[in-house]
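Below is one structure, written out as structure tokens; the observations come after it.
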Amino acid sequence: QVQLVESGGGLVQAGESLRLSCTASGRTFSSYAMGWFRQAPGKEREFVAAINWSGGSTSYADSVKGRFTISRDNAKNTVYLQMNGLKPEDTAVYYCAARWSRELISTRAYDYWGQGTQVTVSS
């Protein structure tokens, strides 16, 4: 069992930056593929970014490519999402997710989910 706790959300103005963190319990974090998803009010949860177990491979949704960066620190059991150039359409609850896998997973095929952190971008 893996528990995920997100942090770093908040209210910012358009164009500003935020860094989200997701810390996992357990001693095998480096064996997990990690992902970030988001869900805006009235919309389905959507993929944002993913990173493989080593951090050597990443993928992004087209809507955030070039603005968001996913990274991980396996020594700290933490995955990050650096969000630059935020737009009002980035407003959503952001969730991190984990799956025991060495693959890069860009779908919702994750086993563990955090509770989410709210990101609100004002225009």
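Legend: residues PHE29, PHE47, sorted from most to least accessible area (1.4 Å probe; ligands, DNA and RNA excluded), read PHE47, PHE29.
Taking a point 7 Å out from the Cα of SER30 in the direction of its Cβ, the residues of region 57-93 whose backbone N falls within less than 16 Å of it are 57, 72-79. At the listed q of 0.11, 0.21 Å⁻¹, the Debye profile of the chain, built from one uniform point per Cα, gives log10 I(q)/I(0) equal to -0.31, -1.16. Extension gain, THR69-ARG108: 0.36 nm per intervening residue step, less the Cα-Cα distance, totals 12.2 nm.
Across every direction, the projection of the convex hull enclosing the Cα atoms of region 3-47 has a mean area of 4.4 nm².
Can you tell me the accessible area per residue over region 45-98, all protein chains present, probe 1.4 angstrom, in square angstrom?
Working: 2150 Å² over 54 residues.
On a per-residue basis, 40 Å².
Entry note, the chain: relative contact order of 36 percent, from Cα contacts under 8 Å with a spacing of 6+ residues.
For the residues ARG27, ARG99, ARG67, a 1.4 Å probe over the protein chains yields an accessible-area ranking, largest first, of ARG27, ARG99, ARG67.
Within the listed set ALA50, ALA92, ALA61, the residue fluctuating most in the Gaussian network model of the chain (springs between alpha-carbon atoms under 10 angstrom) is ALA61.
Of the listed residues GLU6, GLU89, GLU44, GLU16, the order by accessible area with a 1.4 Å probe, largest first, is GLU44, GLU89, GLU16, GLU6. For LYS87, a cut-off of 19 angstrom between C-alpha atoms picks up these aspartates and glutamates, skipping any fewer than 8 places away in its own chain: GLU16, GLU44, GLU46, ASP62.
The values are calculated or read from the model by the stated rules, or taken from the named source; none is laboratory data. Here the structure is a predicted model, which is why all the values come from computation and not from measurement. Counting neighbours? That spans all protein chains shown, and the Cβs are built from the backbone with ideal geometry, glycine included. Accessible surface is based on the protein model in full, side chains and every heavy atom, while ligands, DNA and RNA are left aside. Shrake-Rupley method; radii C 1.70, N 1.55, O 1.52, S 1.80 Å.
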